[in-house]
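Novice: Pasting a structure here, questions to come.
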Amino acid sequence: MMNKPIIASPNVTQHILHRFKLKADKKLGQNFLIDENVVKNIVEAAELNENDTVLEVGPGIGTLTQGLAESKAQVVSVELDQRLLPVLATTLEGYDNIRIVNGDILKVDIMQEVGNKTFKCCANLPYYITTPIIFAILEKKLPMERLVVMVQKEVAERMAAKPGGKDYGALSVAIQYFTEPKIAFIVPPTSFIPAPAVDSAVIVCKRREKPAVEVEDEDLFFRVVKAAFSLRRKMLSNSLKNMGISAAQCSEWLTLAGIDGKRRAETLSLEEFGALANSFKQINK
């Protein structure tokens, strides 16, 4: 361990904010983490060691970055806000296993930045852009072993939800198609300044070696999922017509897939969504 001030503490964070005249930007969903135990638990959930490369999204003032660096892993942190670069240069001074990349995670060449190797990903994500960032990483099919992110508790619950409940939706299906998600722990508002209005949660998404279900057309699979949940309270026989088909075609399609059209999307398993996707083209021949 290096003899450096722990950023994830109220006094140090307040000092940094005051020194650099920083304020949390509500529009960007910024809340500064001030709980050292939360940082340690995130690093532990990532299962990092000195042989790992870890991609961090949005280091902010370096709170989580410092914890990741203490694991001895090689840390690549992508920060969009240029104003934070001199802050990070100061707060993370002395660590030779951190590289800060100024850029948009949705646009940077991730493989080039991590050295074209298998990596893990950790982030305390801004609430307003959580889903786009997660999907940008997952859909690129990069060699990422594990994704550990802190998000709003209700978002984490949706990501990990099983069929049959109100939390289960298109996000659940998409995340579980690519990964095996599990909520690691809950983080209360008191762990941040300013304190958010809701609880947060750290969720660990272990990347599957291959997707949960075998589909012939992945884009079509996600279109079907989106259509099925587009009218959440309606029966599938109604919502699936949003695929641009007639009622008769929809009925034929559901029969081919072996699914009762009176069911709702929230009751379908990933396998059943896969069956729907794989049988869709048969009604459009």
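Novice: What's the number of the condition Arg233 fails, among (1) of a type outside the set (A, V, I, L, M, F, W, C); (2) closer than 19 Å to Phe273 by Cβ; (3) surrounded by 14 or more Cβ atoms within 10 Å (Cβ to Cβ)?
Specialist: (3)
Novice: Please pick out the residue among Ala212, Ala195 that is in contact with a helix residue (DSSP H, G or I) (Cβ under 6 Å, 6 or more places away or on another chain), modelled with pLDDT under 95 and part of a loop (DSSP other than H, G, I, E, B).
Specialist: Ala195
Novice: Quick check, is Thr190 in a helix (DSSP H, G or I) and closer than 30 Å to Leu22 by Cα? Don't jump to the end; show me each part of the working.
Specialist: Working: in a helix (DSSP H, G or I): yes; closer than 30 Å to Leu22 by Cα: yes.
So Thr190 passes the test.
Novice: Also, quick follow-up: Of all the strands (runs of 3 or more DSSP E) wholly in segment 1-106, which have at least 2 residues that are in contact with a helix residue (DSSP H, G or I) (Cβ under 7 Å, 6 or more places away or on another chain) and farther than 15 Å from Val149 by Cβ?
Specialist: It comes to 74-79, 98-102.
Novice: Right, next: Does Ala201 count as touching a helix residue (DSSP H, G or I) at 6+ places or on another chain (Cβ under 8 Å), assigned to a loop (DSSP other than H, G, I, E, B) and of a type in the set (Gly, Ala, Ser)?
Specialist: So Ala201 fails the test.
Novice: Another question, if that's okay. Condition check: open to solvent by less than 60 Å² (accessible area, probe 1.4 Å), farther than 30 Å from Asn11 by Cα and either in a strand (DSSP E or B) or of a type in the set (A, V, I, L, M, F, W, C) (or both). Does Ala156 satisfy that?
Specialist: Considered against the rule, which asks whether it is open to solvent by less than 60 Å² (accessible area, probe 1.4 Å), farther than 30 Å from Asn11 by Cα and either in a strand (DSSP E or B) or of a type in the set (A, V, I, L, M, F, W, C) (or both), Ala156 comes out as no.
Novice: Do you know which residues across segment 244-273 are surrounded by fewer than 17 Cβ atoms within 10 Å (Cβ to Cβ), part of a helix (DSSP H, G or I), without any contact (Cβ under 8 Å) to a residue 40 or more places away in the chain and not polar (S, T, N, Q)?
Specialist: Ala247, Ala248, Glu252, Leu256
Novice: Okay, next question. Consider only pairs whose beta carbons are under 8 Å apart and that are at least six residues apart or on different chains; among these, list those whose first residue lies in segment 119-148 and is under 15 Å from Ile105 (Cα atoms) and whose second residue is of a type in the set (S, T, N, Q) and in a loop (DSSP other than H, G, I, E, B).
Specialist: Qualifying pairs under 8 Å: Pro126/Gln30; Met144/Thr118.
The values are calculated or read from the model by the stated rules, or taken from the named source; none is laboratory data. It should be emphasised that the depicted structure is a prediction, and the values quoted were computed from it without experimental measurement. Every residue, glycine among them, receives a Cβ derived from its backbone with ideal geometry; neighbour counts consider all protein chains shown. All accessible areas refer to the heavy atoms of the entire protein, side chains included, with ligands and DNA or RNA removed. Shrake-Rupley method; radii C 1.70, N 1.55, O 1.52, S 1.80 Å.
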